[in-house]
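A.B. asks: Here it is, the structure in full.
All of the numbers you see were taken from the coordinates with simple rules; none came from a lab. Bear in mind the structure is a predicted one, so any value in this text is a computation, not a measurement. Neighbour counts run over all protein chains shown; Cβ positions are idealised from the backbone, glycine included.
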Amino acid sequence: MIKQVPDPVLELHNLTVVYESKPALWNVDYTIPENHLIGVVGPNGSGKSTMLKALMGLVKPSSGYAHVYGKEIDEVRQRIAYVPQRNSVDWDFPVNVFDAVLMGRYKANNLFRRVSKADKEIAMEAIKKVQLEPFVKRQISQLSGGQQQRVFIARALAQEADMYLLDEPFAGVDAATENSIMSLLKEMNANGKTILVVHHDLQSVKDYFDWLLLMNTRLIASGPTEEVFTEDMLQKTYGGKLNILSRVVEIIEKQGHPIREK
Ligand SMILES: Nc1ncnc2c1ncn2[C@@H]1O[C@H](COP(=O)(O)OP(=O)(O)OP(=O)(O)O)[C@@H](O)[C@H]1O
Ligand SMILES: [Mg+2]
């Protein structure tokens, strides 16, 4: 099930990425409409992070292309905030929380513009939104994993982008923090932002996302969550590797989690 839409904000066309002669993404083709909260789901090594990097132009496709807002990424980079998977970041970089978040205010094409008072206020606002005020002066290397994750989310917020690409923002984050970040994302989505989140917890997929991409090197499905999140599709995505998976949909149905209304 791959639902194609007119005027997509994200478009991958026959995109293939190969690392050292092994494909990480194979002929992925999808379009995503504006203003959705999109989940990206698939097993480890299924190309989820690679797909985000391809969207950001950080890996070069062997064939095909990725367009964001109908353009090459370089033309719209400032409108896109990207939060990489936490383990791929050098946390020893000597910078404190405030300055790390303030980096969200630097424009890609104007690194030497002076930071204004307004920039600092926006950075502080973002820090408050993720409840990191007590740590503003702390070096990022001296934060817990969940706090580090929130620094990156605050930096993305400070950028005031139109689209947010978040690679496993809830990995190693406690339930309370996950809830507060999710409320923030839902609020941003209600204010017109497009947000794409790589996510592993199948239990919360229906609550969190109204559009879903299922991946396993190939794209298995793309469409509204209620159409895509089925036992059959999950089996195709995980290849029967997880037996309990066959029951996840059933269990979730029984719990009666509502599909988020738009
Ligand atoms: N820089 C690289 N060089 C070589 N192979 C790579 C590189 N980065 C990723 N790969 C391989 O490409 C495949 C896809 O990796 P990717 O990181 O996109 O998966 P993922 O779906 O994000 O997995 P996870 O859920 O573990 O984060 C994997 O087999 C991985 O080993
Ligand atoms: Mg990954």
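A.B. asks: Rounded to the nearest 10 degrees, what's the angle between the helix 245-255 long axis and the longest principal axis of the chain, both from Cα atoms, 0 to 90?
C.D. replies: Taking Cα atoms only, the helix is inclined about 70 degrees.
A.B. asks: Considering segment 74-226, what Rg and Dmax in Å follow from its alpha-carbon atoms?
C.D. replies: For segment 74-226, the Cα radius of gyration and maximum Cα-Cα distance read 15.8, 47 Å.
A.B. asks: Using each residue's phi in segment 116-124, evaluate 6.51 cos²θ - 1.76 cosθ + 1.60 at θ = phi - 60° and report the 3J(HN,Hα) Karplus result to the nearest Hz, with x for Gly and Pro.
C.D. replies: 8, 4, 4, 4, 5, 5, 5, 4, 5
A.B. asks: Place a +1 charge on the Cβ of each Lys and Arg in segment 10-255 and a -1 charge on the Cβ of each Asp and Glu, then give the dipole magnitude about the Cα centre in debye, rounded to the nearest 20.
C.D. replies: Dipole of segment 10-255, to the nearest 20 debye: 780 debye.
A.B. asks: Could you point to the residue in His199, Ala221, Ala171 farthest towards the positive end of the chain's charge dipole, with +1 and -1 charges on the Cβ of Lys/Arg and Asp/Glu respectively?
C.D. replies: Positive-most Cα among the choices belongs to Ala171.
A.B. asks: Expressed in nm to one decimal, what extension gain is obtained for the pair Lys60 and Glu226 from 0.36 nm per residue of sequence separation less their Cα-Cα distance?
C.D. replies: 56.5 nm
A.B. asks: Can you sort Ser180, Ser49 from fewest to most other Cβ atoms within 10 Å of each residue's own Cβ?
C.D. replies: Exposure proxy ranking, most exposed first: Ser180, Ser49.
A.B. asks: So, one more: Whose amide H sits under 5 Å from the amide H of Val83, counting only residues 5 or more places off or on another chain, with H placed in the peptide plane?
C.D. replies: The list, which skips near neighbours in sequence, is Leu165, Leu166, Asp167.
A.B. asks: Report the FRET efficiency, 1/(1 + (r/R0)^6), for Lys22 and Asp74, where r is their Cβ-Cβ distance and R0 is 30 Å, rounded to 0.05.
C.D. replies: The formula returns an efficiency of 0.65 here.
A.B. asks: Can you pick out the pairs among Lys22/Lys193; Lys48/Lys107; Lys3/Lys107 whose Cα atoms lie more than 31 Å from each other?
C.D. replies: Lys22/Lys193; Lys3/Lys107
A.B. asks: Another question, if that's okay. Quick check for me: using +1 on Lys/Arg Cβ and -1 on Asp/Glu Cβ, what's the dipole size of segment 16-155 about its Cα centre, in debye to the nearest 20?
C.D. replies: 400 debye
A.B. asks: Along the Cα-to-C-beta direction of Asn179, a point sits 7 Å from the Cα; which residues of segment 137-158 have their amide N less than 19 Å from that point?
C.D. replies: Counting only backbone N, you get 146-147, 150.
A.B. asks: Using only the Cα atoms of the chain, what are the Rg and Dmax in Å?
C.D. replies: When restricted to the Cα atoms of the chain, Rg and Dmax are 18.4, 56 Å.
A.B. asks: Counting helices only, and only those DSSP H runs with n ≥ 4, report the 222 nm mean residue ellipticity of the chain as the sum of -39,500 (n - 2.57) divided by its residues, in deg cm²/dmol to the nearest 500.
C.D. replies: Counting only the DSSP helices, I get -9500 deg cm²/dmol.
A.B. asks: Continuing with this model, one more query. Please work out how much length the chain gains when fully extended from Asp29 to Asn191, using 0.36 nm per residue of separation minus the C-alpha to C-alpha distance, in nm with one decimal.
C.D. replies: 55.6 nm
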